[in-house]
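The block underneath contains the structure these notes are about, expressed in structure tokens.
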Amino acid sequence: MINSKLPDVGTTIFTSMSKLASETNAINLSQGFPDFQCHPYLKERVDHYVRNDLNQYAPMSGLPALCDQIARKTAQHYQRAIDSMSEVTVTSGATEALFAAINAVVNVGDEAIVFDPAYDSYDPAIRLAGGRAVHIPLNNKFEIDFQRLDESINSRTKLIIINSPHNPTGSVLTQEQMELLQQRVLKHNLILISDEVYEHIIFDGLQHQSVNLYPDLAERSFIISSFGKTLHTTGWKVGYCIAPQNLTVEFRKIHQYLTFCTSTPLQAAIADMLEVHPEAWQQLPEFYQQKRDHLRKALEPSRLELLDCSGTYFQLVNYSAVSKLSELEFAQWLTQHHGVAVIPISVFYSEEKQQSLARLCFAKNEETLTKSAERLCQL
Ligand SMILES: Cc1ncc(COP(=O)(O)O)c(C=O)c1O
């Protein structure tokens, strides 16, 4: 028998809720993926490259055409010049980039700070690297509690992981908060991993406070994004990491043994897409804001309280007027008895926390959103 390195880890809630949704024929607003198609041009380009025999290994760090497009997008959107050869690595999803970056930084006995509710892959990756994940809860507005952050930093602290726009809460980091964070990272000589997979899904005219906008911070950061979110292709698992050369060298040492490289025809197709249809990412805020507003309006007559949502494609609802069940029980009950699958927020916390909150994914067609809202209005 083997000695489990992650004895407490089971099947993720995303898998179990999606399974329950399909068993019960419920509308699946649980796992975060679109139920609409990606751009036809993208499909046509994949088809083109597969037929034209671009079917062998890509360069380890990514297809040059795609790395160039990532650098171009970064320059255009954040006015930051990066070197596509030495500072960009294409990865098999943001998940791989997160794992490689965490493993590049964390040594045995090191501490890495994550903010709860936290995306589920950070903690196990830190532990597999031999480190300790220090979980700090966000405050009741889902913002960083800087006093708690200061109290938690010590000589073992190596890394802070942030995620904005934030899954699951939909909160976004402000310029002021980014500056406070930068002070801590510089003062304590830390490394930052900035999970920016929802960088283009931000609403109400807000500007995403990417680490790309903070040169001193960027010098000490891995910035991670995902074409799954940006181009509606979560199943392709193509992401990337921007980091200064010294960090990229260490990142690639891990990436090359984790996956070596990422699907060649998919990379080529995405490069063409970014070149020919930049509006695909430029118009994402309006595209998803419409969906957010549609869902929120349709839920107005319900007894669910809608929390603010400034980014991501997730809407949090407080169901305390409807039920006293725990978050997990509520999510299961809602799926089984009312035909809408959602995600409990408690699973994103390392310590038990019940706030009567559920996460609804609105990366769905309007009909799907309307139909789910009708069911939720009956609660
Ligand atoms: C915050 C966050 N980080 C990372 C990922 C993983 O992205 P990918 O599918 O590109 O691996 C997700 C996907 O849901 C996410 O929500």
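Bear in mind these aren't lab numbers, they're just calculated from the coordinates by the rules spelled out. Nothing here was measured: the structure is a model prediction, and the numbers come from that model. Note: ideal-geometry Cβ built from the backbone for every residue, glycine included; neighbour counts use all protein chains shown.
So which of 253/353; 43/73; 229/353; 291/324; 19/371 end up more than 31 Å apart, counting from Cα to Cα?
253/353
What does the charge count near residue 80 come to, summing +1 for each Lys or Arg and -1 for each Asp or Glu among other residues with Cβ under 14 Å from its Cβ?
For residues surrounding residue 80, the net value is -4.
Taking the Cα centre of the chain as origin, sum charge times position over the Cβ atoms of Lys and Arg (+1) and Asp and Glu (-1), and report the length of that vector in debye to the nearest 20.
Value, rounded to 20: 460 debye.
Please give the calculated 222 nm ellipticity per residue for the chain, where each DSSP H segment of at least 4 residues contributes -39500 (n - 2.57) and the sum is spread over every residue; nearest 500 deg cm²/dmol?
Roughly -12500 deg cm²/dmol at 222 nm, from the helical runs in the chain.
Measure out, as a whole number of angstrom, how far apart the alpha-carbon centroids of segment 207-284 and segment 87-121 sit.
Cα centres, segment 207-284 to segment 87-121: 14 Å.
Most mobile of 24, 11, 89 per a Gaussian network model of the chain (Cα springs, under 10 Å)?
Highest fluctuation of the listed residues: 11.
Within a 10 angstrom radius of the beta carbon, how do 114, 322 rank from fewest other beta carbons to most?
By the 10 Å Cβ count, ascending, the order reads 322, 114.
Taking chymotrypsin sites (Phe, Trp or Tyr not before Pro) as exposed when DSSP calls them loop (any state but H, G, I, E, B) and at most 12 other Cβ atoms lie within 10 Å, what is the longest stretch of the chain free of them, the sites themselves excluded?
58-259
Ranking 351, 111 by Cβ neighbours within 10 Å, fewest first, what do you get?
Fewest-to-most ranking of 351, 111: 351, 111.
Between the alpha-carbon centers of segment 1-47 and segment 328-347, tell me the distance in whole angstrom.
Taking the Cα centre of segment 328-347 as reference, the centre of segment 1-47 is 16 Å away.
When the chain is fully extended, how far beyond the present Cα-Cα distance does residue 354 get from residue 83, taking 0.36 nm per residue of separation?
Gain on stretching residue 354 to residue 83: 93.0 nm.
What stretch of the chain, leaving out the sites themselves, is the longest with no trypsin sites (Lys or Arg not before Pro) in a DSSP loop having at most 11 other Cβ atoms within 10 Å?
In short, 142-323.
How long is the gain from residue 275 to residue 141 if the chain were fully straight, where each residue apart is worth 0.36 nm and the alpha carbon distance is subtracted?
So the chain would gain 44.4 nm between residue 275 and residue 141.
Summing +1 for each Lys or Arg and -1 for each Asp or Glu, what net charge is found among the other residues whose Cβ lies under 12 Å from the Cβ of residue 180?
-3
Tell me the volume per residue, in Å³, of the convex hull enclosing the alpha carbons of the chain.
Value for the chain: 148 Å³ per residue.
Taking every DSSP beta bridge with both residues inside the chain, roughly what % is antiparallel (nearest 5)?
Close to 45 percent.
Give the residue from 29, 335, 273 lying farthest towards the positive end of the charge dipole for the chain; charges sit on Cβ (+1 for Lys and Arg, -1 for Asp and Glu) and the dipole is referred to the Cα centre.
Farthest along the dipole direction, towards plus: 335.
Within straight cross-link reach of residue 5, meaning Cα distance under 19 Å, which aspartates and glutamates are found once same-chain residues fewer than 8 apart are removed?
Partners within reach: 96, 110, 111, 120, 123.
Report the calculated FRET efficiency for residue 41 and residue 256 (r = Cβ-Cβ distance, R0 = 35 Å), to the nearest 0.05.
0.65
Going by how many other beta carbons lie within 10 Å of each one, how would you line up 95, 230, fewest first?
Ordered by Cβ neighbours within 10 Å, fewest first: 95, 230.
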